Amino acid sequence: MIKFYTGNKNYSSWSMRVGVLLAQAQIAHEETVLRMDGFGPDSNFKRQLRALSPTGKVPLLVDGDTTVWESLAIVEYLAERFPEKHLWPQERAARARARSVVAELHAGFGALRQHCSMSIEAHLPEVGALIWRDQAGVRADVARVVEIFSELLGRHGGPMLFGDFSIADAYYAPMCMRFATYELPLPPQAQAYVERVRQLPGVKAWVDAARAENDFLAFEEPYRLRSA
Ligand SMILES: N[C@@H](CCC(=O)N[C@@H](CS)C(=O)NCC(=O)O)C(=O)O
């Protein structure tokens with residue numbers, strides 16, 4: 001049985017990509033949530049991961065004697081391991097586009113990542129409004145995401161980025177969570193896609209589990225008080 005290690009579901013956007021993909025594709029697995037009590041060498045989080053992962057980060061996948069780390073490597077591994085699930089689009093040019101937008105997300109959108117950290121349970125429109133006003137980098141990142149959504153939904157006709165659900169939607173799911181938490185302004189087509197992603201059973205299951213954690217980690221949310 002495949003083993004999937006995730007951090008707090010409320011916060012771990014990298015883990016969410018893999019978790020949503022496993023759930024949507026109905027890939028049987030055993031899940032372990034490692035509480036992110038800190039990233040220092042003495043944290044329980046790191047202590048537990050030390051024996052399992054060369055990087056000490058989540059997500060992590062263990063399939064028998066094969067260990068895979070880095071979310072991008074994990075989704076590629078799953079696509080290869082379960083070819084019948086068609087986790088990437090089947091048409092070659094579409095698959096190339098899907099890999100491109102996934103790689104773009106894996107490597108970029110630093111401003112959005114830095115200023116709008118994922119916290120699924122939080123609703124912070126007032127924080128989002130200040131970020132939107134002050135952070136040109138966030139506005140530029142959002143503009144690029146909107147451009148990606150618009151291009152792909154137009155080209156493939158929806159409801160997901162490449163028609164049917166694929167790794168690309170799993171990858172952009174945490175982005176949709178950030179948009180919802182901070183209420184960043186989106187044009188109607190992008191907003192409708194965000195809502196469709198939030199309705200996916202795999203996303204709903206992740207969100208429900210994230211909300212049930214009820215585990216506020218101050219270092220993940222420097223702008224938010226415990227009582228907020
Ligand atoms: N590029 C990595 C990023 C993974 C990552 O940074 N995970 C965070 C939790 S969301 C983590 O484990 N951080 C521990 C650390 O930075 O030491 C991936 O795609 O898997």
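Once every DSSP H run of n ≥ 4 in the chain is given -39500 (n - 2.57) and the sum is divided by its residues, what mean residue ellipticity at 222 nm do you get, rounded to the nearest 500 deg cm²/dmol?
-17000 deg cm²/dmol
In whole percent, and with a 1.4 Å probe on the protein chains, what portion of the accessible area of the chain is carbon and sulfur?
52 percent
Take the Cβ-Cβ distance between Arg50 and Glu147 as r, set R0 to 41 Å, and report the resulting FRET efficiency rounded to the nearest 0.05.
After rounding to 0.05, the efficiency reads 0.50.
Among the lysines, which fall within straight-line cross-link reach of Lys46, defined as a Cα-Cα distance under 20 Å, with same-chain neighbours fewer than 8 residues apart omitted?
Lys3, Lys9, Lys57
Amide H of Gly7 versus every other amide H placed in the peptide plane: which residues, excluding those fewer than 5 positions away on the same chain, fall under 5 Å?
Ser15, Leu34
Give, rounded to the nearest 20 debye, the magnitude of the charge dipole that the stretch 85-228 has about its Cα centre when Lys and Arg contribute +1 at Cβ and Asp and Glu contribute -1 at Cβ.
Here the size comes out at about 400 debye.
Leaving out ligands and nucleic acids, and using a 1.4 Å probe, what accessible area per residue does the stretch 80-123 come to in Å²?
53 Å²
Once you order the gyration tensor axes a ≥ b ≥ c over the Cα atoms, which shape class does the chain get: rounded for a/c under 1.5, otherwise prolate or oblate by comparing a/b with b/c?
It comes out oblate by the Cα gyration axes.
When the Debye formula is applied to the Cα atoms of the stretch 1-93, each taken as the same point scatterer, what base-10 log of I(q)/I(0) results at q = 0.13, 0.18, 0.19, 0.24 Å⁻¹?
Debye output, listed in q order: -0.43, -0.78, -0.85, -1.27.
Pull up the DSSP beta bridges for the chain and report the antiparallel fraction as a percent, rounded to 5.
In the chain, approximately 65 percent of DSSP beta bridges are antiparallel ones.
Show me the helices of the chain, taken as full DSSP H stretches, that run 20 Å or more along their long axis by Cα and average -0.5 or above in Kyte-Doolittle hydropathy.
Qualifying helices: 92-107, 136-156, 167-182.
Can you tell me the length gained on complete extension of the stretch Arg196 to Gln114, counting 0.36 nm per residue apart and subtracting the Cα distance?
Once the chain is fully extended between Arg196 and Gln114, it gains 27.0 nm.
In the stretch 1-86, what % of DSSP beta bridges are antiparallel (nearest 5)?
In the stretch 1-86, approximately 60 percent of DSSP beta bridges are antiparallel ones.
Taking R0 as 25 Å, what's the FRET efficiency between Arg224 and Lys3 from their Cβ-Cβ distance, rounded to 0.05?
E between Arg224 and Lys3, to the nearest 0.05, is 0.20.
Evaluate the distance, in nm, between pseudo-label points positioned 7 Å from the Cα of Thr32 and of Glu121 along their respective Cα→Cβ axes.
Each label point lies 7 Å from its Cα, and together they span 2.3 nm.
Express in % the proportion of alpha carbon pairs of the stretch 92-210 at distances exceeding 19 Å.
44 percent
The values are calculated or read from the model by the stated rules, or taken from the named source; none is laboratory data. These figures come from a predicted structure and were not determined experimentally. Note that we place each Cβ from the backbone using ideal geometry, even for glycine, and neighbour counts take in every protein chain shown. Note: accessible area is taken over every heavy atom of the protein model, side chains too, but ligands, DNA and RNA are not part of it. Shrake-Rupley method; radii C 1.70, N 1.55, O 1.52, S 1.80 Å.
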